[in-house]
Structure formats: C-alpha cells, structure tokens
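The structure appears right after this line, and notes come after that.
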Amino acid sequence: MAGSILAFLIAPATDALATGRAPGPYTRPMQSQTYAFSGSDGLPFAIHLSSPQKFWEGLCEAAGHPEVIDDPRFNTRPNRRKNYNELNRVFAEFFNEKPRAYWMEQLEANDVPHTPVYNLLEVFEDPQIKHMGLEIKIERKDKPTIRTVKYPNEFSDTKIPHPLAPPDLGEHNAEFLKPLGYDDAKLAEFKEKGVI
C-alpha cells in the first residue's frame, strides 16, 4: 500500500525532491492549474487550464477580459503557476459579476475545461445522473419511500437488483425464533413484555 500511495503521488514527490520543499494543500491545484470560483449567485464551479495555451486564452475570452491574455503575470503556464493566488483573486472578481449558469455557457463556448461544483442534492438534478438513472426509489408498505443511489455497475447479462427496504424493528423475529422452538404464543408473550 505504501508503494501504491507513493506512485500515485509521483508528480508532487518529484517536485518536492527537486526543490526540497514539501507540498502544501494547494500545491496540486497550482501545478495542474485547477481553480475554483463562484458566480454572483454563490454557486461554485471549477476550471482546469491544463497545458494548451488555448485554454488560457479561452478563459480570458469567457470571462470577458481578453486584455488579460498578455498580462505578464499570467501569459505563460510557468507564470500562472508562479502567480496562482493572484490569478485566482483577479478571476474571482470577474466571475462574481454573473451567476454560475452564465459562466458555464461562456466556458463551454470558449472550449475551457470546466464543471459545476455541486452539493449532494444538486448532483441528482444533473442531466447525466438522471440519464443514467442513478437515483432509485425503494417503496415500503405504509412507510415513506426511500430515495437512494443505484449500484452503478451494470452488465448486459447481469442486472444487480435494487436493494431491499431496511426491515422494521422485529420484522424477522418469527423467522429466526421459530426454528429455535418458540411458537406463536411464546412470540406473542415476548412481544407483550417488550422483549422483541
């Protein structure tokens, strides 16, 4: 396990060994050029600039500030990494002017890798989650329906059944106690005394 974890951390480990500096909590986003912002409605989203310069140029166009493309603080990937916090501050101001939905459209139109950052309730409103049918409903007799997550792996010849509703307290008492020799009268007595 230790070897697997270190292999997973190859990029930050290589950087740490080269520079003599241990990574911090924002080292990976800085290196990968990943940013999180919020629109004017407070709804968050993330962007990833990766390596191609077109993503940087597209971001500036999407934000409505093409003049920032040639800003010497940000015009190259090394400069963006070096000035990560400043770029984050500048674009946070830009993105605070309009709601997330607007920015999603602009980023899409300018071919910038992006995604909304959902809370768990918003996840189930996402069109892809709905298309995949990942929310299931488990019906229960005389009780509220349970809404939960469907097992995601399905194969053409093997369908995994939906989970069953959790049993009511004591629902299976007779099933387990009768083979042990307890008859209906004894079970009724136990129930009356609150034992089961």
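Most fluctuating residue of LYS150, LYS137, LYS159 in a GNM of the chain with Cα springs under 10 Å: which is it? In this elastic network of the chain, the residue with the biggest mean-square fluctuation among LYS150, LYS137, LYS159 is LYS159. GNM on the chain, alpha-carbon springs under 10 angstrom: the most fluctuating residue among ARG73, ARG28, ARG140 is ARG140. Which of ILE5, MET132, LEU87 sits farthest toward the positive end of the charge dipole of the range 1-157, with +1 on the Cβ of Lys and Arg and -1 on the Cβ of Asp and Glu? It is ILE5.
Considering only ALA63, PRO78, VAL149, and ranking their Cα positions along the charge dipole of the chain that arises from unit charges at the beta-carbon of Lys, Arg, Asp and Glu, the one farthest toward the positive end is PRO78.
When the listed pairs LYS98/LYS137; LYS159/LYS191; LYS141/LYS191; LYS137/LYS193 are checked against a 27 Å cut-off, the alpha-carbon distance exceeds it for LYS98/LYS137; LYS159/LYS191; LYS137/LYS193.
Remark: the chain carries a charge dipole of roughly 600 debye about the Cα centre, counting +1 on each Lys and Arg Cβ and -1 on each Asp and Glu Cβ. The listed peptides 44-50, 117-123, ordered by packing as a protection proxy, come out as 44-50, 117-123 (highest mean of other Cβ atoms within 10 Å first). Each Cα pair under 8 Å and six or more residues apart adds its separation to the average, and for the chain the resulting relative contact order is 16 percent.
In a reduced charge model with +1 at each Lys and Arg Cβ and -1 at each Asp and Glu Cβ, the range 73-122 shows a dipole moment near 440 debye about its Cα centre. The list [x] 1.66; [y] 1.13; [z] 1.04 gives values of Cα Rg over 2.2 N^0.38 Å, and only one came from this structure; which label was calculated from it? Correct label, based on the coordinates given: [x]. Across the range 26-117, Cα pairs under 8 Å and at least six residues apart give a relative contact order of 41 percent. Taking 20 Å as the straight-line reach from the Cα of LYS178, the aspartates and glutamates in range (excluding those fewer than 8 positions away in the same chain) are ASP168, GLU189, GLU192.
Each value in this text was obtained by applying a stated rule to the coordinates, not by laboratory testing. Everything quoted here is computed from the prediction, not taken from an experiment. Here Cβ is always computed from backbone atoms with ideal geometry, including for glycine, and neighbour counts include all displayed protein chains.
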